[in-house]
Structures are given as structure tokens and as C-alpha cells.
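K.L.:
To start, I am sharing the structure in question, which I have written as C-alpha cells.
The values are calculated or read from the model by the stated rules, or taken from the named source; none is laboratory data. These figures come from a predicted structure and were not determined experimentally. Every residue, glycine as well, gets a Cβ built from its backbone with ideal geometry; the counts of neighbours run over all protein chains shown. Just so you know, the surface numbers come from the protein's heavy atoms only, side chains and all, with ligands and any DNA or RNA stripped out. Shrake-Rupley method; radii C 1.70, N 1.55, O 1.52, S 1.80 Å.
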Amino acid sequence: MKKNIVLFVLFVLPIVAYLFFASGVNSFTKLPMITPKIADFGNWKSLDGKKVSLDKKITVLGFSGSDILSSRGNYFNLNEKIYKRYHGFEDLQFVVVCPLGTEKEAQKLVDALKPFTDVSGWNFVFASPEEIQAFYNQLQLKGKLDDKLGTSNVFIVDKERNLRGRKGESKDKKDEYKEGYDTFHPSELSNEMLDDFKIILYEYRAALKKNHNATKQL
């Protein structure tokens, strides 16, 4: 009996521990809901003139403000840390809300990204300042847009249009309240956002597996 226990401790337990930590904490949790059922976009058009919707898509949502090019480094950070890794998933989209009149600046940003990545998953949509502020207000966030209607934060919205993040209900610093992810800091994208993004993907992969749905690409 003792021999079996020793063998278990020496060989089996390390393997079990490895599998647990290799799978990551993300596989055993669910990303909290910050704001449920946010409104969809209005009849806003993208650079290619098409309507973009939040429905049935996992969305990384941003707000550029009127001075898009001054924060282009933020978009390069997001492109490198998150977009290039995941943009091939057909149920995922990256959407940046921009004020009307900034279409040329947005196109310049897209053109600057082209040498480094496939930009087909980047969507820039345009609305009036009043529409942008009203849309942002209904997200019910602690953070505010600046005087140019922009923020360096991006947000995760699930397929049911729920804005997801961290509620900060745990005393663990890693679980502090977080409604958005600051694109100015690459480390925040590589750590907090990437961790939370993996949780969202795991949720949908688990749901698809449960429903035996093999047609999705997530």
C-alpha cells in the first residue's frame, strides 16, 4: 500500500499538476459581465461602406477620438499583441468607433498597418459626436471618453452584446476591477487582456463542443 502511495506521489501527481497548470486558470473560470445587453450600433457605415453589427460576434471595441493618428501607436500595440494572434477566427471582429470626418485619417492608419498584417479584420465605423457619446454612455463604465471622444482603452463584448471584464470581487490583485484594457501599455495587453480573451474563447469553444457544433471556427 505504501509503495503504491509513493509511486503515485512520484509519478502520477506531478503529471496531474502539470496538466492543470498547462491548461491555465482560464479554463476553469468565467469572465464576469460588466454591462449586460448593450445597444448595437446605429446605421453607422465602415470605411468600405458596410454596416457593422455587434450581434453574434466577439468584439474588441475601441473609440479612436478625432485625433486618430496621434494614437496610432496604441493600435500597433493592439495589432501585435491581440489582433495578429486571433483575427483569423470568423466569429471575431475588431471595431473602432470614430467621429464623422475622420475617414481619411482612419484609412491612413489602416494603410500603415497593411505592411505588417492582414487588415481585413479591422473595422472603423463612423458616427456623429452625439451618437458616439450616447453609445458610450449606455456602456455604463467608470472610465470616460476624453474631449475628443476617444480613449486608449478597448473593451471585450461577447456575442450576446454583453460587455465583459473583471468585477474586482476578489482580494487577489489579479482579479481587480477591470472594464477595459489600455492599449498604451503593451504589457497590459499581453497579460490581463490576453488572459481574459482566452476565457471568452474557452467559453465558446466549450459551448460548441457541448452542442456538437463543428461548423464554427472558434
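K.L.:
Surrounded by fewer than 21 Cβ atoms within 10 Å (Cβ to Cβ) and out of contact with any helix residue (DSSP H, G or I) (no Cβ under 6 Å at 6 or more places or on another chain): which single residue out of 88, 62 fits that description?
P.N.:
None of the others qualify; the one that does is 88.
K.L.:
In segment 173-206, which residue that is surrounded by fewer than 16 Cβ atoms within 10 Å (Cβ to Cβ) and among the polar types (S, T, N, Q) is farthest from residue 64 (Cα to Cα)?
P.N.:
Once the filter is applied, the top-ranked residue is 191.
K.L.:
Determine the pairs where a residue that is touching a residue at least 24 places away in the same chain (Cβ under 8 Å) and farther than 11 Å from residue 62 by Cα, located within segment 126-153, has a partner that is of a type in the set (Ser, Thr, Tyr) and part of a loop (DSSP other than H, G, I, E, B) with Cβ atoms under 6 Å apart, the partner being 6 or more residues away or on another chain.
P.N.:
From segment 126-153, the pairs are 148/66.
K.L.:
Cβ-Cβ below 8 Å, separation at least six or inter-chain, first residue in segment 56-74 and assigned to a strand (DSSP E or B), second modelled with pLDDT under 95 and acidic (Asp, Glu): which pairs?
P.N.:
58/91
K.L.:
Sort out which residues of segment 86-107 are in a helix (DSSP H, G or I) and either touching a residue at least 40 places away in the same chain (Cβ under 8 Å) or β-branched (Val, Ile, Thr) (or both), and write them in order of number.
P.N.:
Selection gives 86, 103, 106, 107.
K.L.:
Then there is this: Inside segment 37-55, can you point out the residues that are farther than 16 Å from residue 104 by Cβ and without any contact (Cβ under 8 Å) to a residue 60 or more places away in the chain?
P.N.:
43, 50, 51, 53, listed by residue number.
K.L.:
Take residue 165 and decide whether it is open to solvent by less than 30 Å² (accessible area, probe 1.4 Å), farther than 18 Å from residue 65 by Cα, in contact (Cβ under 8 Å) with a residue 12 or more places away in the chain and touching a His at 6+ places or on another chain (Cβ under 6 Å).
P.N.:
Judged against the criteria, residue 165 is not a match.
K.L.:
Which one of 54, 109, 69 is more than 24 Å from residue 141 (Cα to Cα), touching a Lys or Arg at 6+ places or on another chain (Cβ under 9 Å) and crowded, with 16+ Cβ neighbours inside 10 Å?
P.N.:
109
K.L.:
With at pLDDT below 95, within 22 Å of residue 32 (Cα to Cα) and touching a Ser or Thr at 6+ places or on another chain (Cβ under 9 Å) as the only criterion, which of 176, 169 stands out?
P.N.:
Selected residue: 176, the only one of 176, 169 that is at pLDDT below 95, within 22 Å of residue 32 (Cα to Cα) and touching a Ser or Thr at 6+ places or on another chain (Cβ under 9 Å).
K.L.:
A further question on this structure: Can you tell me which condition residue 120 does not meet? The list is (1) of a type outside the set (A, V, I, L, M, F, W, C); (2) in a helix (DSSP H, G or I); (3) open to solvent by 40 Å² or more (accessible area, probe 1.4 Å); (4) at pLDDT 95 or above, and all the others hold.
P.N.:
Unmet condition: (4).
K.L.:
Then there is this: Does residue 134 satisfy the condition of being aliphatic (A, V, I, L, M), within 24 Å of residue 42 (Cα to Cα) and surrounded by fewer than 14 Cβ atoms within 10 Å (Cβ to Cβ)?
P.N.:
So residue 134 passes the test.
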